[in-house]
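The block underneath contains the structure these notes are about, expressed in structure tokens.
Just so it is clear, none of the values below were taken in a lab; they were calculated from the coordinates. In this text, all values refer to a predicted model and were calculated from it rather than measured experimentally.
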Amino acid sequence: MSRIARRTLLGAALAAPFIAREGFAQGDWPKGPVRWVVAFAAGGAADTVARNIGVRVSEIIGQQVIIDNRTGGNAVVAANAVLQAPRDGQTFLVDAANQITNTLLMKDLPFDYAQTWLPVTQLASFPQVVAVKQDFPSKTVQDFIAAAKAKPGTISYGTPPAAGMAHMAGEELQRRAGIKLIHVPYRGGADAARDIGAGAVDSVIITTNSIRPPVAAGRARVLAVTSLKRSVAFPDVPTLAESGYPGFDLNDWNGLFAATGTPPALVDRMQAVVAEAIKDPKVKERLDPTGADLVANTPAEFRTWIAGQRELLGKLIAEAGIKLQ
């Protein structure tokens with residue numbers, strides 16, 4: 001096959017998902033391709049969720065959803081890219097806990113998050129696990145807490161990255177359990193998973209997807225999950241909430257945001273389309289391996305949830321003295 005022919009086939013394959021397969025009563029929206037600016041690198045869990053939901057959204061609205069990865073600046077680079085676009089419902093931001101923590105951890109931000117961004121919908125929640133290396137003696141999270149109390153400040157735990165949701169979960173567990181662990185920050189979940197598999201760190205708090213390789217290799221053991229309900233990835237593993245810490249619910253997540261000034265009707269319409277998209281069994285099937293729990297709540301529900309998280313994380317960051325590293 002010639003190089004030109006191969007390129008033609010590749011182009012057709014990439015374009016195929018964006019061909020509308022059904023009608024959608026769209027009125028004057030969207031006016032063309034919709035851009036989702038993703039604050040995370042291609043290939044990660046947050047990006048994978050956005051891409052797979054975006055494909056189905058494209059089919060529903062009859063316009064391509066363009067995934068535009070803009071990393072850097074703790075998600076500020078992506079945010080600025082959206083703010084430079086018209087507020088016409090054609091450009092949205094895919095962000096995560098940075099919407100809450102940046103205000104608490106960074107100085108000289110170019111905007112006020114609470115005043116600048118309209119929550120559209122939470123795309124997904126990524127349950128996290130408390131896991132230990134294979135030869136760590138604890139078999140349950142209660143044993144792990146007892147070991148930490150017996151030898152305070154000697155057991156290490158890794159998270160990706162500093163001041164991320166895994167770090168927040170680790171600090172909250174220490175606060176509620178009355179223990180002191182040594183925090184080891186990593187650039188990403190894969191790095192933390194590699195080190196727990198190699199026995200270089202005693203424990204980790206990472207997503208269910210990230211912990212799979214060392215668990216499958218028999219190099220790590222999951223003791224608990226940080227979500228309020230058990231994870232479908234590890235249905236036999238108890239939650240921290242049912243292990244003596246009621247209400248414990250700190251997960252990684254991502255969501256869709258619009259810049260203030262975007263017509264509320266278009267925010268509502270995008271949320272409704274996302275809610276329809278996640279009902280597709282094919283979307284769920286493609287995303288199950290990531291361990292993602294798809295959400296698609298309403299803008300009001302998402303806004304209320306963020307307000308609760310802002311209060312919780314603000315208190316946690318202040319009490320634990322968490323800083324960006």
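Please find, in a Gaussian network model of the chain (springs between Cα atoms separated by less than 10 Å), the residue of A81, A292, A258 whose mean-square fluctuation is greatest. Result: A81 has the largest fluctuation of those listed.
Result for the chain in a Gaussian network model with C-alpha springs under 10 Å: among K229, K180, K315, the largest mean-square fluctuation is at K315. Highest GNM mean-square fluctuation, the chain, Cα pairs closer than 10 Å: which of G170, G189, G72? Of G170, G189, G72, the most mobile in the Gaussian network model is G72. Our helix-only sum for the chain, with -39,500 (n - 2.57) per DSSP H run of n ≥ 4 divided by its residues, gives a mean residue ellipticity at 222 nm of -12500 deg cm²/dmol.
Summed over all non-identical Cα pairs, the Kirkwood treatment of the stretch 128-243 gives a radius of 13.6 Å. Residues whose amide H comes within less than 5 Å of that of F40, counting only those at least five positions distant or on another chain, are R70 (H built at 1.01 Å from N in the peptide plane).
Annotation: lysines with alpha-carbon distance below 17 angstrom to K107 (same-chain offsets under eight excluded): K323.
Cα-based Rg of the stretch 216-325 per 2.2 N^0.38 Å, rounded to two decimals? Walk me through the intermediate numbers first.
On the way: Rg = 17.3 Å, N = 110, 2.2 N^0.38 = 13.1 Å.
Taking N as the residue count of the stretch 216-325, the ratio is 1.32.
Bin all alpha-carbon pair distances of the chain at 10 Å intervals from 0 and give each bin's fraction as a whole percent. With a bin width of 10 Å, the distribution comes to 6, 26, 32, 22, 11, 3, 0. The mean sequence separation of alpha-carbon pairs under 8 Å and at least six residues apart, normalised by the residue count of the stretch 174-325, gives a relative contact order of 14 percent.
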